[in-house]
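Below is one structure, written out as structure tokens, with a few remarks after it.
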């Protein structure tokens with residue numbers, strides 16, 4: 001029999017604890033996401049839980065979204081207007097406002113709010129249920145937690161993100177309009193007419209797709225982290241922090257990919 005090389009046991013333990021754990025987590029995330037996608041099309045649908053989660057996510061997300069959308073859009077419009085005024089083309093202010101609000105700021109604010117407020121609250125709720133053994137109790141009673149808890153939350157996160165993007169874009173454009181017209185003396189009619197100069201229906205659709213994917217991804221991450229909490233109440237806090245970080249990374253990656261694909265399609 002071949003003799004063991006000194007250090008093999010250490011390498012094996014290091015591989016099991018350091019390298020295998022992230023791989024198992026990634027595999028578990030994709031496996032659970034696949035289960036959720038399959039259960040999404042299997043009746044019955046937990047409609048009451050879906051409505052409760054939709055209201056819950058909207059309640060914790062709307063106010064932060066409104067507080068973020070106006071300053072972001074107004075700052076972008078202000079900088080753009082300063083440049084246009086130097087060129088004597090201040091009437092094109094609406095073009096910059098529409099491009100920034102629809103293409104970038106709307107999805108960007110949606111990322112921040114969905115990951116920072118919605119997904120973290122969802123993970124905390126599921127994590128508290130997990131450490132209280134409520135998830136195991138549902139399994140003992142023959143209730144599938146994926147269909148009863150996870151599917152409604154993922155669908156609610158997707159819907160709220162889509163609606164949140166629309167609200168953020170609308171409020172941001174209104175704020176940019178009032179700021180440009182009343183503070184930088186831009187003609188109201190020219191502002192409104194310039195909004196559709198570079199921003200069309202394809203840009204709105206691409207941004208709506210991004211917002212829906214943001215909500216879907218954030219919901220999937222929150223559900224996985226919430227159901228795999230360990231270490232008691234402290235583990236819930238760690239899971240919430242990890243949910244926010246992982247959601248930010250994935251959502252910005254999705255934003256980059258979808259923006260590049262949408263740009264190629266629109267050409």
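A few remarks follow.
- Rounded, prolate or oblate (a/c below 1.5 giving rounded, otherwise prolate when a/b exceeds b/c) for the chain by Cα gyration tensor: prolate
- Convex hull projection area averaged over all views, segment 24-102, Cα basis, nm²: 9.0 nm²
- Using alpha-carbon coordinates, inclination of helix 120-131 to the longest axis of the chain, degrees: 20 degrees
- Calculated P(r) of segment 97-215 - Cα pairs past 22 Å, %: 49 percent
- FRET E, pair residue 234, residue 201, Förster distance 51 Å, beta-carbon r, rounded to 0.05: 0.55
- Sorting 139, 210 from the fewest to the most surrounding beta carbons within 10 angstrom yields 139, 210.
- Efficiency of FRET between residue 48 and residue 260 - r from beta-carbon atoms, R0 35 angstrom, step 0.05: 0.30
- Label positions at residue 192 and residue 26, each projected 7 Å from the Cα along the C-beta direction, are separated by 5.2 nm.
- Linear extension gain, residue 37 paired with residue 128, 0.36 nm per residue minus alpha-carbon span: 30.4 nm
- Distance between modelled label sites at residue 85 and residue 67, nm, 7 Å Cα→Cβ extension: 3.0 nm
- Segment 214-267 and segment 92-142: distance between their alpha carbon centers, rounded to Å: 8 Å
- For the peptides 26-32, 124-130, the ranking by packing is 124-130, 26-32, with the highest mean count of neighbouring Cβ atoms within 10 Å listed first.
- P(r) tail for segment 168-267: Cα pairs beyond 22 Å make up 53% of the total.
- Compared with the dominant principal axis of the Cα atoms in the chain, helix 151-183 is inclined by about 20°.
Here, each number is a calculation from the coordinates, and none is a lab measurement. Quantities reported herein were computed from a predicted structural model and do not represent experimental measurements. Cβ atoms come from the backbone with ideal geometry, glycine included; neighbour counts cover every protein chain shown.
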